[in-house]
Structure formats: C-alpha cells, structure tokens
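Asks: Take a look at the following structure, please.
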Amino acid sequence: MDVFHEAAEILKKSKYTVALTGAGVSTESGIPDFRGEDGIYDGYTQEEDLSVQMMTRNPERFYSRGFQVLMNLQGKKPNDGHKALAKLQEMGLLHEVITQNIDNLDFLAGSKDVLEVHGNSRSGHCMSCGKKVTIQEIQAKVDAGEIPPKCECGGTLRTDTVLFGDPMPEDFVRAMEAAERADTMIILGSSLRVMPVASLPRLVEHLIIINKEPTPYDQIADVVIHKGIGYSMNKILEAIDE
Ligand code: NAD
C-alpha cells in the first residue's frame, strides 16, 4: 500500500479528524511561507516588523513593513490543498480545520469550522471602543497618511491578526479542545516549530503529515508524505473514492 492509500485508510477509519495547516498549504496560491525553501523568514526582522511592540512603538515602520505583509495576502485564491480539506469536510471525514494562516483561503475554499489560531487579515478593531472595521478601512487611512489609523472615538485601530507579542485568541482554546476530541490529525504545510501551536499534535493519537521538509513529529507520525500538498491531497481523495 502506498502512503496515499495508508492516509486514506486512516481517514476512513478515524472517528474524529482535525486538520492543522501552516503557511505551506498556501504556497501553491502564490503566498510565500516563512521557513520553507523560498520562505521569507530571516529569523529576526520579520518577527520584529510583525510585532505588537513595533505597532505601538514605531507605527511608521509597522505600517510600511509588517502591515504590508498582511496586505500582500489580499486577492489570493484557494488551491487544491484548501479545496481538498473542504471536500473532506463535505464527505464527513473531517471536523475542524485549525489554521495558523491568516490568509482567509480556507473560508474561500468553502471550509466550515475554521479555527484561526493566529487571527486573520480581513478585519480589525478599535483598541479603545472595540468597534469592528475591515482591513480595507484601516488600509485607506494608512494610505491617506493617518499613522497610526484612528477610530472616530479617538482610539487607535489595529488588525485582528495575532502579532508576535499578542496573547493567543479564543480560537486557540477551541483548537486545543478539538485536538483533545480528535483521534487523527492531518497536518499540512507546517514546519511545526511555532509554539504554542506546535504542541497540538501531541494531543492526538494518529498523525498524517504532508510537508516537503522533515518536521520534529515525523518520527511519531503514522504517515509522512514529503511531497507537494495539492498533488498529495488529490491522491488521497482518489484513494478514498476507490
Ligand atoms: P513555516 O513557514 O514555518 O513552514 C512551512 C512548511 O511548509 C515548510 O516546512 C515547507 O517545507 C512546507 N511547504 C511549503 N510549501 C509546500 C507545499 N507546496 N507542499 C508541501 N509542503 C510545503 O509555516 P508555519 O509552520 O505555518 O509557521 C509560520 C508562521 O507564519 C505561522 O505562524 C503563520 O501564521 C505565519 N504565516 C502565514 C502565512 C499565510 O497566512 N499564508 C504565510 C507565511 C507565514
């Protein structure tokens, strides 16, 4: 039996499966990952530019650099990997999609029960009155030179993305609960190095990992596929249908 059929068998037998996705699931949509071969992570600058400290202490730099990383995600389209997860949910073989991504592509692919453990790049809010705004409203103010962007109440607006230095959101608690309920986790495109999300696979008995590069969990996974995600997920869907 090849790895795709092995993964298909586990998914068919599993009583409760969750997916955990990372930046690698979106590279086939033209969004660079952080730590993959063409990743944009340089170990330091990116983390600083996307930090809550930069946003509050040096908003000029935050809006000219970190915020632009979020804006570059706009207008991207879901790929076969995202679509395969939506299909697995439709077939009743997958419950929650836990994503570290902030690119909205699981929703655009039609997935339900998406837990965005690093927030999103669709919306923002006022840090004083809590008013919700769209990311486009924040961008329009930034483009007009209003840095930091302000709410009508005089408070400062910010993105709903979880920045470095922010606490984890409610979705992370829900992700832990989902992982505790699950007996299988299918992990797509994550180096599994960013904590605390990288601790979630420890809560699950059976692991299927699809990632071009090795991860720290490969040794204990039931199936490891070091190939492209779109290709691999299509092979798994074919194997399920046989
Ligand atoms: P990561 O960059 O650390 O790891 C991505 C992994 O995916 C790498 O090991 C790489 O080899 C693999 N990969 C890349 N393309 C692949 C493909 N087509 N098929 C199979 N494997 C592929 O990603 P991470 O673990 O998610 O951690 C990065 C952090 O940065 C996360 O917190 C995430 O929130 C954030 N981030 C998000 C986006 C996004 O929203 N799309 C993009 C970059 C970074």
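Asks: Any idea which of Ile186, Ile229 is among the hydrophobic types (A, V, I, L, M, F, W, C), more than 7 Å from the ligand (Cβ to nearest atom) and within 16 Å of His5 (Cα to Cα)? Walk me through it before giving the result.
Replies: Values: Ile229 fails: more than 7 Å from the ligand (Cβ to nearest atom).
The unique qualifying residue is Ile186.
Asks: Continuing with the same structure: Does Ile102 fit the bill of being within 16 Å of the ligand (Cβ to nearest atom), β-branched (Val, Ile, Thr), assigned to a loop (DSSP other than H, G, I, E, B) and buried (at least 21 other Cβ atoms within 10 Å of the Cβ)? It would help to see each step written out before you state the result.
Replies: Working: within 16 Å of the ligand (Cβ to nearest atom): yes; β-branched (Val, Ile, Thr): yes; assigned to a loop (DSSP other than H, G, I, E, B): yes; buried (at least 21 other Cβ atoms within 10 Å of the Cβ): yes.
Criteria met by Ile102.
Asks: In the range 145-167, is there at least one residue being hydrophobic (A, V, I, L, M, F, W, C), at pLDDT below 95 and either within 16 Å of the ligand (Cβ to nearest atom) or surrounded by 14 or more Cβ atoms within 10 Å (Cβ to Cβ) (or both)? Talk me through it step by step, then tell me what you get.
Replies: To start, the set of residues in the range 145-167 that are hydrophobic (A, V, I, L, M, F, W, C) comprises 147, 151, 153, 157, 162-164.
Among the residues that remain, those that are also at pLDDT below 95 are: 164.
Now narrow it down to the ones that are either within 16 Å of the ligand (Cβ to nearest atom) or surrounded by 14 or more Cβ atoms within 10 Å (Cβ to Cβ) (or both): 164.
Yes: the range 145-167 contains one or more residues that are hydrophobic (A, V, I, L, M, F, W, C), at pLDDT below 95 and either within 16 Å of the ligand (Cβ to nearest atom) or surrounded by 14 or more Cβ atoms within 10 Å (Cβ to Cβ) (or both).
Asks: Let me ask you something else. Here are Asp80, Asp106: which of them is touching a residue at least 40 places away in the same chain (Cβ under 8 Å) and touching a Pro at 6+ places or on another chain (Cβ under 8 Å)? Walk me through it before giving the result.
Replies: On the way: Asp80 fails: touching a Pro at 6+ places or on another chain (Cβ under 8 Å).
Exactly one of Asp80, Asp106 is touching a residue at least 40 places away in the same chain (Cβ under 8 Å) and touching a Pro at 6+ places or on another chain (Cβ under 8 Å), namely Asp106.
Asks: Any chance the range 125-134 includes a residue that's within 21 Å of the chain's Cα centre (by Cα) and under 23 Å from Val52 (Cβ atoms)? Talk me through it step by step, then tell me what you get.
Replies: Start the filter on the range 125-134 by keeping residues that are within 21 Å of the chain's Cα centre (by Cα), which leaves 125, 134.
Cutting the leftovers down to under 23 Å from Val52 (Cβ atoms) gives us 125, 134.
Yes.
Asks: Out of curiosity, is Ser191 hydroxyl-bearing (Ser, Thr, Tyr), within 10 Å of the ligand (Cβ to nearest atom), within 24 Å of Gly92 (Cα to Cα) and in contact (Cβ under 8 Å) with a residue 60 or more places away in the chain? Write out each step before concluding.
Replies: On the way: hydroxyl-bearing (Ser, Thr, Tyr): yes; within 10 Å of the ligand (Cβ to nearest atom): yes; within 24 Å of Gly92 (Cα to Cα): no; in contact (Cβ under 8 Å) with a residue 60 or more places away in the chain: yes.
Taking the combined requirement at face value, the residue does not satisfy it.
Asks: Now for a different question. Evaluate the following for Thr134: is it surrounded by fewer than 19 Cβ atoms within 10 Å (Cβ to Cβ), at pLDDT 95 or above and among the hydroxyl-bearing types (Ser, Thr, Tyr)? I'd like the intermediate steps shown before the answer.
Replies: Details: surrounded by fewer than 19 Cβ atoms within 10 Å (Cβ to Cβ): yes; at pLDDT 95 or above: yes; among the hydroxyl-bearing types (Ser, Thr, Tyr): yes.
Yes: the conditions hold for Thr134.
Asks: Residues of the range 187-199 being in contact with a Leu (Cβ under 6 Å, 6 or more places away or on another chain) and buried (at least 21 other Cβ atoms within 10 Å of the Cβ), which ones? Spell out how you get there, then give the answer.
Replies: The first filter runs over the range 187-199 and keeps only residues in contact with a Leu (Cβ under 6 Å, 6 or more places away or on another chain), leaving 187, 198.
Correct list: Ile187 only.
Asks: Same structure, new question: Looking at this structure, is Glu9 of a type in the set (Asp, Glu), at pLDDT 95 or above and within 14 Å of the ligand (Cβ to nearest atom)?
Replies: Values: of a type in the set (Asp, Glu): yes; at pLDDT 95 or above: yes; within 14 Å of the ligand (Cβ to nearest atom): no.
No; evaluated as a whole, the condition is false for this residue.
Asks: Specify which of the listed residues (Lys227, Lys212, Lys235) is at pLDDT 95 or above, in contact with a helix residue (DSSP H, G or I) (Cβ under 6 Å, 6 or more places away or on another chain), under 24 Å from Ile31 (Cα atoms) and surrounded by fewer than 21 Cβ atoms within 10 Å (Cβ to Cβ). Write out each step before concluding.
Replies: Working: Lys227 fails: in contact with a helix residue (DSSP H, G or I) (Cβ under 6 Å, 6 or more places away or on another chain); Lys212 fails: in contact with a helix residue (DSSP H, G or I) (Cβ under 6 Å, 6 or more places away or on another chain).
Selected residue: Lys235, the only one of Lys227, Lys212, Lys235 that is at pLDDT 95 or above, in contact with a helix residue (DSSP H, G or I) (Cβ under 6 Å, 6 or more places away or on another chain), under 24 Å from Ile31 (Cα atoms) and surrounded by fewer than 21 Cβ atoms within 10 Å (Cβ to Cβ).
Asks: If you don't mind, another one. Restricting to the range 28-46, name every residue that is buried (at least 16 other Cβ atoms within 10 Å of the Cβ), within 19 Å of Asn120 (Cβ to Cβ) and either more than 7 Å from the ligand (Cβ to nearest atom) or at pLDDT 95 or above (or both).
Replies: Residues satisfying the conditions are Ser29, Gln46.
The values are calculated or read from the model by the stated rules, or taken from the named source; none is laboratory data. It should be emphasised that the depicted structure is a prediction, and the values quoted were computed from it without experimental measurement. Here Cβ is always computed from backbone atoms with ideal geometry, including for glycine, and neighbour counts include all displayed protein chains.
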